[in-house]
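Beneath this line is the structure, given in structure tokens, with notes to follow.
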Amino acid sequence: MNPTCQHFRFIEKVPPKRDLTFTFFSDGRLIIENNDTGELISPSQLRSDSKDFYVKHRISFIKNRLLQAKERYA
């Protein structure tokens, strides 16, 4: 089975403003790309508002996985 993915674009509010694309895969993988340079970024390289964006989406992903597991095994 191929994992599905969701793409989110985020432009940082604090200079230097990076234009980032977050790709969240259904199997838990993540790719963060700087759209201006094509560079891949790790979560540890995120700052303030982009880190908040990442954390909120990661928490949402974990909650959804837990709910799915609960429904499947309940």
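The values are calculated or read from the model by the stated rules, or taken from the named source; none is laboratory data. Computed from a predicted structure; not experimentally measured. Glycine also receives a Cβ, built like all others from the backbone with ideal geometry; neighbour counts cover every protein chain displayed. To get the accessible areas, we keep the full protein, side chains included, count just its heavy atoms, and leave off ligands, DNA and RNA. Shrake-Rupley method; radii C 1.70, N 1.55, O 1.52, S 1.80 Å.
Brief remarks follow.
- Every pair of residues 6+ apart whose Cβ atoms lie under 8 Å, when the first sits in segment 60-71 and is surrounded by 10 or more Cβ atoms within 10 Å (Cβ to Cβ) while the second is of a type outside the set (Ser, Thr, Tyr) and at pLDDT 90 or above: Phe61/Phe24
- Filtered residues of segment 1-43 (kept if under 16 Å from His57 (Cβ atoms), without any contact (Cβ under 8 Å) to a residue 12 or more places away in the chain and open to solvent by 70 Å² or more (accessible area, probe 1.4 Å)): Ile11
- Some residue of segment 45-58 being open to solvent by 90 Å² or more (accessible area, probe 1.4 Å), at pLDDT below 95, of a type in the set (Ser, Thr, Tyr) and more than 18 Å from His7 (Cβ to Cβ): no
- For segment 48-57, the set of residues classified as in contact (Cβ under 8 Å) with a residue 12 or more places away in the chain, within 12 Å of Leu20 (Cα to Cα) and more than 9 Å from the chain's Cα centre (by Cα) consists of Asp49, Ser50, listed by residue number.
- Going through (1) out of contact with any Cys (no Cβ under 6 Å at 6 or more places or on another chain); (2) closer than 28 Å to Leu66 by Cβ one by one, Asn35 falls short only on (2).
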